[in-house]
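**Q** Below is the structure I would like to discuss, written out as structure tokens.
Rule-based calculations on the coordinates, nothing more; no lab input. Note that the structure is predicted; figures quoted are calculated from it, not measured. Cβ placement follows ideal geometry from the backbone for every residue including glycine, while neighbour counts extend to all protein chains displayed.
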Amino acid sequence: MKKYLMIPVLCLTVGYNAASQHYSEVKAPMEEKMEVLPLNSVKPTGWLKNQIRENLNGFVGHLDQLAPDLIIEDDIYNKGRLSKNSKAKELGALGEGGDWQIQLFWWNSETQSNWRDGYIRSAVLVNDKLHLEQIEKYIHTILKSQDKDGYLGIYDSELRYNFDNENGELWAKASLLRGILAWYDYTKDEKILAAVKRAVQNTMDNFPMGASHPFYTKNPNVGGLSHGLTFTDVLEQLFYITKDRKYLNYALFLYTDFSEQTINEDAQFKRLLDKEEKLFGHGVHTYEHLRCLAAAYYASGNENLLLALKNFESKIATTTTVSGGPVGDEWIGKRPADATNRGYEYCSTHEILHSYASLLAKTADKSYADKIEHLFFNAAQGARHPEKSCIAYLKSDNSYEMSGGLNGDTHDAKQTRYRYSPVHKEAAVCCVPNAGRIAPYYVQYMWQKDTDGLVASLLGPSVLETSINEKKVIITQQTDYPFENKITFAINTRNNLFTLKIRKPEWAEKFKVNMPFTEKNGYITIDKRWQNNDKVVVEFLPEVELKTDNKGDFYFQYGSLLLAKEIEAVETVTKTYPIKGFADLSYKPVDFTLYEYVPDQKMVQNGHLEFETRLFNTKTKQLEIVILKPFGKTILRQTTFKKRP
Ligand SMILES: [Zn+2]
């Protein structure tokens, strides 16, 4: 039965039992402080564009050919939709595989849709005609698969919206519709928007708010089911476009039902209220759910959800490494971040960036931008191969060996995640698709609008094209940031009065600006009537900083760049692919020596972004001159250094 709640928004409660009412009640819905700009308002240039182009020429542009059985040959959203029959067939073939086997039913929808989301965004951002044509064909085909009632998804009519266990109903839609909405941003084709609205309405009709339990399951250990909470991404995006609050109210309903069901997930309201309960779950779920909770909080303005959000962020701080990597290999397992003994998954690195981006827009709090910058320039770059088109599924800040297990651990013969691959099919094709999403998401969130004007939250080579006061504004960031620290903002607009805010990175104590400004909430703020050819030149003046991690070990940072001592490595090709240029790669150290920190050693810049200092060689028992270089450009490395006793 379909029910529609027609209750004034201020007394709306989307939960359905007394226990949930104290956090599911809509009290005072909140406005986001900054406006998220549509994809392609900011275009990358310089190294950011090169990286997206390299990905497109590499694993992003070829993943369908590298894993054709998962992408091309499994038409899971259309002719290959899952039915009771396919379930029986798959179960028989898989045999005993533990809790994870059930996930294989929806798995290819994630691989396909997350890959396509990154593929679409990359092709749009570098304006690649050939790939754009391919995508147009794909969008046409997928929209043709939409049923008369609006259903877009992976289940036949018998199975859909009818589960008592693990399933991918919402997750397959969330990942699919994120990509389709990115295409809408680019094309502004109203037919596409109408199709997405119909698909979402079909979901809202069949999982009616307050009268259904989308997250109900007999088995509390779930995968696709709880990934499905990111359907809130689609709902928020539709709200941005339509301004219809029904989408936000539904996001609150989803978070409430997710919290009420018996499932093992960190982001459930009751667990978050318990400050002492450590994060234990599957990392990628936990880190993506941060923004789902934020969506629920903004939909309701309920202070109980704010408390949960703050607790959640405090817990995440304990599981974040010095590179910004959110640990979980694949599980967080109640253990804190550790530079040597904890790995982080590429999926989690992307998802937490997206969560922080969502919080940045909501709060205008620059600390989220600092977090994004740090993790994108360090953790994300440091798990992407610096020269070849492949990534590490799992990576650690101190990376001593990348041949399967964590730093050479061979206890689990099946552990293949700590190495480089353009696919990682033995483990799962989840991280490679997300590695194709992260740079486009960084680019999209570089600029926001607020009520005063424009905000440059994330820095780097790019061109913004938008309008303020109904006048066109183009702002080019001319820079190689973070590989240089001078940025020229070249402005093109006519006689246009607005405020330009430029984020001052948290590390930037010294800086210069070529015109009068004020500093407000960590932003360099300039109120001005802007004219064509105005230029704001900002120069940050970093010094190498000595910092300590949660264990008291030392590490070095220069500007936004974490520094590391590179470890010379021998490369082994463990697998090649039919497509030239792609391979799985393992790395072992030529000579593994740990170094220790001794206070008061000189630090000398020795070439562009290379620094010379002395560390204690634990083999020779001597202080030795070593070179530190950007962490993001290394494969094997030592990043943190114990103090010499
Ligand atoms: Zn992954």
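**Q** Let's test this: bin the Cα-Cα distances of segment 148-272 at 10 Å from zero up to the farthest pair and state each bin's percent.
**A** With a bin width of 10 Å, the distribution comes to 13, 46, 31, 9, 0.
**Q** I would also like to ask the following. Treating the beta-carbon of each Lys and Arg as +1 and of each Asp and Glu as -1, no other charges, what is the dipole magnitude of segment 525-580 about its Cα centre, to the nearest 20 debye?
**A** On the way: 8 positive and 10 negative charges, 70 e Å.
Dipole magnitude for segment 525-580 comes out near 340 debye.
**Q** Same structure, new question: For K84, give me every one of the aspartates and glutamates with a C-alpha distance below 18 angstrom, ignoring sequence neighbours fewer than eight places off in its own chain.
**A** Candidates past the 8-residue exclusion: D74, D75, D156, E158, D164, E166, E169.
**Q** Turning to a different aspect of this structure: Setting aside same-chain residues fewer than 8 positions from K449, which lysines have a Cα under 18 Å from its Cα?
**A** Answer for K449, where 18 Å is the Cα cut-off: K33, K43, K243, K362, K366, K471, K472, K501, K504, K520, K528, listed by chain and number.
**Q** Enter the per residue convex hull volume of segment 246-366, computed from alpha-carbon coordinates, in Å³ rounded to the nearest integer. Please list the in-between numbers first.
**A** Values: hull volume 11.8 nm³, N = 121.
Taking only Cα atoms, segment 246-366 has a hull volume of 97 Å³ per residue.
**Q** In the chain, with Lys and Arg counted as +1 and Asp and Glu as -1 at Cβ, which of these residues, L406, T416, S175, has the Cα nearest the positive end of the dipole, that is, farthest along it?
**A** So the residue furthest toward the plus end is S175.
**Q** Something else now. At 0.36 nm per residue, minus the direct Cα-Cα distance, what do K310 and T593 gain on full extension? Give it in nm, one decimal, please. List each step's numbers first, then the result.
**A** Values: separation 283, 0.36 × 283 = 101.88 nm, distance 4.07 nm.
Extra length from K310 to T593 when fully extended: 97.8 nm.
**Q** To continue, here is another question. As a test of understanding, state the convex hull volume per residue of the chain from its alpha carbons, in Å³. Provide the component values of the computation, followed by the final result.
**A** Working: hull volume 101.0 nm³, N = 645.
Per-residue hull volume (Cα only) is 157 Å³.
**Q** List every DSSP H helix in the chain whose Cα atoms extend 20 Å or more along the helix's own long axis and whose mean Kyte-Doolittle hydropathy is at least -0.5.
**A** Values: long enough: 104-126 (34 Å, -0.39); 129-144 (23 Å, -0.36); 169-187 (27 Å, 0.18); 190-206 (24 Å, -0.38); 246-260 (21 Å, -0.07); 283-300 (26 Å, 0.07); 303-318 (23 Å, 0.17); 346-363 (26 Å, 0.10).
Correct list, ordered by number: 104-126, 129-144, 169-187, 190-206, 246-260, 283-300, 303-318, 346-363.
**Q** What length, rounded to one decimal in nm, is gained on full extension from E506 through to K471, with 0.36 nm per residue of separation minus their alpha-carbon distance?
**A** Numbers: separation 35, 0.36 × 35 = 12.60 nm, distance 3.23 nm.
My answer for the length gained is 9.4 nm.
**Q** Mind jotting down the distance between the C-alpha centroids of segment 566-645 and segment 513-563, whole Å?
**A** One Cα centre to the other: 27 Å.
**Q** May I pose another question? State, as an integer percentage, the relative contact order of the chain based on alpha-carbon contacts under 8 Å between residues 6 or more apart. Provide the component values of the computation, followed by the final result.
**A** On the way: 1345 pairs, mean separation 89.0, N = 645.
That works out to 14 percent.
**Q** Once fully extended, how much extra length lies between N550 and K148, figured as 0.36 nm per residue of separation less the alpha-carbon to alpha-carbon distance? Can you show the working numbers first?
**A** Numbers: separation 402, 0.36 × 402 = 144.72 nm, distance 5.53 nm.
Difference between extended and current length: 139.2 nm.
**Q** At what distance in nm do the modelled label points of A490 and N85 sit from each other, each positioned 7 Å from its Cα along Cα→Cβ?
**A** 6.2 nm
**Q** Right, next: Projecting each Cα onto the charge dipole of the chain (Lys/Arg +1, Asp/Glu -1 at the beta carbon, about the Cα centre), which of I241, I625, V463 comes out farthest on the positive side?
**A** V463
**Q** With charges set only on the Cβ (+1 for Lys and Arg, -1 for Asp and Glu), what does the dipole of the chain come to about its Cα centre, in debye to the nearest 20? If you can, show how the numbers build up before the last one.
**A** Working: 80 positive and 82 negative charges, 204 e Å.
The calculation lands at about 980 debye.
**Q** Would you mind getting me the FRET efficiency between I241 and E277? Use the beta-carbon distance for r and R0 = 35 Å, nearest 0.05. Working shown, then result.
**A** Values: r = 37 Å, r/R0 = 1.06.
Efficiency computed from Cβ-Cβ geometry: 0.40.
**Q** Given a Förster radius of 60 Å and the C-beta distance between N50 and H22 as r, what FRET efficiency does 1/(1 + (r/R0)^6) yield to the nearest 0.05? Walk me through the numbers on the way to the answer.
**A** On the way: r = 51 Å, r/R0 = 0.84.
Using R0 = 60 Å, I get an efficiency of 0.75.
**Q** Can you tell which of G581, Y186, L594 lies farthest toward the positive end of the dipole of the chain, using +1 and -1 charges on the Cβ of basic and acidic side chains (Lys, Arg; Asp, Glu)?
**A** Y186
**Q** Which value, in debye to the nearest 20, gives the size of the charge dipole of segment 571-645 about its Cα centre, when Lys and Arg are +1 and Asp and Glu are -1 at the Cβ?
**A** Details: 13 positive and 8 negative charges, 33 e Å.
Using Cβ point charges on Lys, Arg, Asp and Glu, segment 571-645 gives about 160 debye.
**Q** R0 = 45 Å: FRET efficiency of R644 with D409, Cβ-based, nearest 0.05?
**A** Working: r = 26 Å, r/R0 = 0.58.
It comes out at approximately 0.95.
**Q** Which percent, to the nearest 5, of DSSP beta bridges fully inside the chain are antiparallel? Show your work: numbers first, answer last.
**A** On the way: 84 of 90 bridges.
Roughly 95 percent of the beta bridges in the chain run antiparallel, per DSSP.
**Q** Give the value in nm², to one decimal: projected area of the alpha carbon convex hull of segment 132-197, averaged over all directions. Can you show the working numbers first?
**A** On the way: hull surface 19.0 nm².
Over every viewing direction, the Cα hull of segment 132-197 projects on average to 4.8 nm².
**Q** How big is the gap, in Å, between the Cα center of segment 295-374 and the Cα center of segment 242-291?
**A** 13 Å
**Q** Oh, and also: Would you list which lysines come within 17 Å of K575, measuring only between C-alpha atoms, while excluding same-chain residues fewer than 8 positions from it?
**A** Once the sequence-local lysines are set aside, what remains near K575 is K388, K414, K425, K588.
**Q** With the Cα gyration tensor of segment 327-475 in hand, give its eigenvalues times 5 under a square root as the equivalent ellipsoid semi-axes, listed largest first in whole angstrom. Let's see the in-between values first.
**A** On the way: eigenvalues 242, 50, 26 Å².
That gives 35, 16, 11 Å for the three semi-axes.
**Q** Cβ neighbours within 10 Å, averaged per peptide: list 431-443, 561-573 in order, most packed at the top.
**A** Per-residue mean Cβ counts within 10 Å order the peptides as 431-443, 561-573.
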